[in-house]
1. Can you name the condition, by its number, that residue 47 falls short on among (1) loosely packed, with under 13 Cβ neighbours inside 10 Å; (2) over 10 Å from the mean Cα position of the chain (by Cα); (3) in a helix (DSSP H, G or I)?
2. Return yes when residue 17 is under 8 Å from the mean Cα position of the chain (by Cα) and buried (at least 17 other Cβ atoms within 10 Å of the Cβ) and no when it is not.
3. If I ask for residues that are surrounded by 13 or more Cβ atoms within 10 Å (Cβ to Cβ) and either under 21 Å from residue 54 (Cβ atoms) or of a type in the set (A, V, I, L, M) (or both), which ones from segment 21-38 would you list?
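Any read-out appearing in this document is the output of simple, stated calculations on the displayed coordinates, not a laboratory observation. For clarity, every value in this text was computed on a predicted model and none was experimentally measured. FYI the Cβ positions are ideal-geometry reconstructions off the backbone, even for glycines, and counts take in every protein chain you see.
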Amino acid sequence: MSTTTASILGLWSAYWAAMFAQVAHLRTLDDGVGATTCGWVSRSLLAIGTAFFLLAKGG
């Protein structure tokens with residue numbers, strides 16, 4: 001995988017992690033339904049994004 005592709009995928013994952021974290025926060029303020037799931041998805045995407053950035057740095 002090229003460095004550019006890994007960087008783009010890492011940024012894409014970080015963007016969606018931030019979006020899901022915001023949704024989780026808003027769901028917590030509203031009624032809390034789905035907040036745990038959105039938080040879990042956000043953490044997973046952040047881990048994937050970190051892996052892509054490490055792959056790009058090592059490659």
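1. (2)
2. Details: under 8 Å from the mean Cα position of the chain (by Cα): yes; buried (at least 17 other Cβ atoms within 10 Å of the Cβ): yes.
Considered against the rule, which asks whether it is under 8 Å from the mean Cα position of the chain (by Cα) and buried (at least 17 other Cβ atoms within 10 Å of the Cβ), residue 17 comes out as yes.
3. Looking only at segment 21-38, we keep the residues that are surrounded by 13 or more Cβ atoms within 10 Å (Cβ to Cβ), and these are 21, 23-25, 27-28, 34-35, 37-38.
Those that are surrounded by 13 or more Cβ atoms within 10 Å (Cβ to Cβ) and either under 21 Å from residue 54 (Cβ atoms) or of a type in the set (A, V, I, L, M) (or both): 21, 23, 24, 35.
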